[in-house]
1. Pairs needed: first member in the range 42-58, open to solvent by 40 Å² or more (accessible area, probe 1.4 Å); second member anywhere, part of a strand (DSSP E or B); C-beta distance under 8 Å; at least 6 residues apart or different chains.
2. Given the conditions (1) over 13 Å from the mean Cα position of the chain (by Cα); (2) assigned to a loop (DSSP other than H, G, I, E, B); (3) closer than 26 Å to His247 by Cα, which single one is not true for Leu98?
3. Criterion first (open to solvent by 30 Å² or more (accessible area, probe 1.4 Å), closer than 22 Å to Gly96 by Cα and of a type outside the set (A, V, I, L, M, F, W, C)) does Arg34 satisfy it?
4. Let me spell it out: the conditions are (1) more than 20 Å from Pro10 (Cβ to Cβ); (2) part of a helix (DSSP H, G or I); (3) open to solvent by less than 20 Å² (accessible area, probe 1.4 Å); (4) touching a helix residue (DSSP H, G or I) at 6+ places or on another chain (Cβ under 9 Å), and Gln307 meets all of them except one. Which number is the exception?
5. Does the range 134-173 hold any residues that are surrounded by fewer than 24 Cβ atoms within 10 Å (Cβ to Cβ) and part of a strand (DSSP E or B), and which are they?
6. Tell me the residue from Asp237, Asp223 that is open to solvent by 50 Å² or more (accessible area, probe 1.4 Å), charged (D, E, K, R) and not in a loop (DSSP other than H, G, I, E, B), please.
7. Tell me the residue from Arg179, Arg187 that is open to solvent by 60 Å² or more (accessible area, probe 1.4 Å), closer than 30 Å to Asp209 by Cβ and at pLDDT below 95, please.
8. Before we move on, is Asp264 more than 16 Å from Ser138 (Cβ to Cβ) and in contact with a helix residue (DSSP H, G or I) (Cβ under 9 Å, 6 or more places away or on another chain)?
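The values are calculated or read from the model by the stated rules, or taken from the named source; none is laboratory data. Owing to the predicted nature of the structure, the values given are computational and were not obtained by experimental measurement. As a convention, Cβ positions derive from the backbone with ideal geometry for all residues, glycine included, and neighbour counts pool all protein chains shown. Ligands, DNA and RNA are excluded from the accessible area calculation, which covers all protein heavy atoms including side chains. Shrake-Rupley method; radii C 1.70, N 1.55, O 1.52, S 1.80 Å.
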Amino acid sequence: MKYAAPTWLPGGHLQTIFPATCIVKPQVAYRRERWRAPDGDFIDVDFIDGQADRPFIVLFHGLEGSSDSHYARALMAHVAALGWSGAVPHFRGCSGELNHAPRFYHSGDAQEVDWIIRRMAAERNNKPSAKFYAAGVSLGGNALLRWLGESQHQADIVDAACAVSAPLDLAGGGAALSRGLNRIYTRVFLQTLKPKCLQKLNQFPGLFDRETMLRARNLYEFDNIVTAPLHGYRNTDDYWDRASAKHVLSDITVPTLVLNARNDPFLPPQHLPQTASRHVTLDYPEHGGHVGFVAGGLPGHINWLPQRMQTFLEGLT
């Protein structure tokens, strides 16, 4: 199932920005549950309830994303139409309410992915005939790939997985987001990350240096003062290296699709890995932007990506 970008939407930036801001998102009727995390914190999980004998898919969202993100709404609307069940767990602090622990979330959060998937698998033990799939987008895709690679055969509780627009090489992607027009994406991220950090400092005074955080102009500087130290990394360089999914692609044992457009502004094509486990399908179309993949005539639609994911998960290509 090959992707071809519409002629009226040229270039990686338009293919990234237009679907996220201009295409109407499908309506989705979520059911929310609050789960207690192993460390005593909480996460909120939004569910779509389908037929008991049909597949279930869990989707891990991207940086500062949620179940309301365009890609999440598109996938879950598609899931509902198929009669499948689905879930979008929110990373810490992304559900509309700040989490309680002195941490947020990060690209290498395999431990977080692990307990979420294992709880979902345990709760589905009474439905042994239904397939269980996992998917991740952008940061969530990288975290999912880290879990798949680190867990190896212990990840066989999922039948197949998809990672879309994952920053497989965090250093390469981070450098790209600090240059030229790409800085607009960094600015958008920091506009929500910084206020959350100020709230976190109200919870935990002195957790990190307030003024250094506020002065951060890019993700490198932000990760250096907040993300890396809060999550056990020495600094940004250590975080971006150790958390990159590119290191574990050869260790994955679950059938997995890695889908990245070569014109994704978040990860230039020279940083796309060329080798992986025989269980991994590397799909690098020329166009699509970052979690874009718009199809059809004006005003376009965002149905191609859910259909591509379904096709792979069901083993059709």
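1. Within 8 Å, the pairs are Asp49/Arg31; Asp49/Ser85; Gln51/Ser85; Arg54/Ser85.
2. Result: Leu98 fails condition (3) only.
3. In short, yes.
4. (3)
5. Matches in the range 134-173: Ala160 only.
6. When all the criteria are applied, what remains is Asp237.
7. Arg179
8. It is false that Asp264 is more than 16 Å from Ser138 (Cβ to Cβ) and in contact with a helix residue (DSSP H, G or I) (Cβ under 9 Å, 6 or more places away or on another chain).
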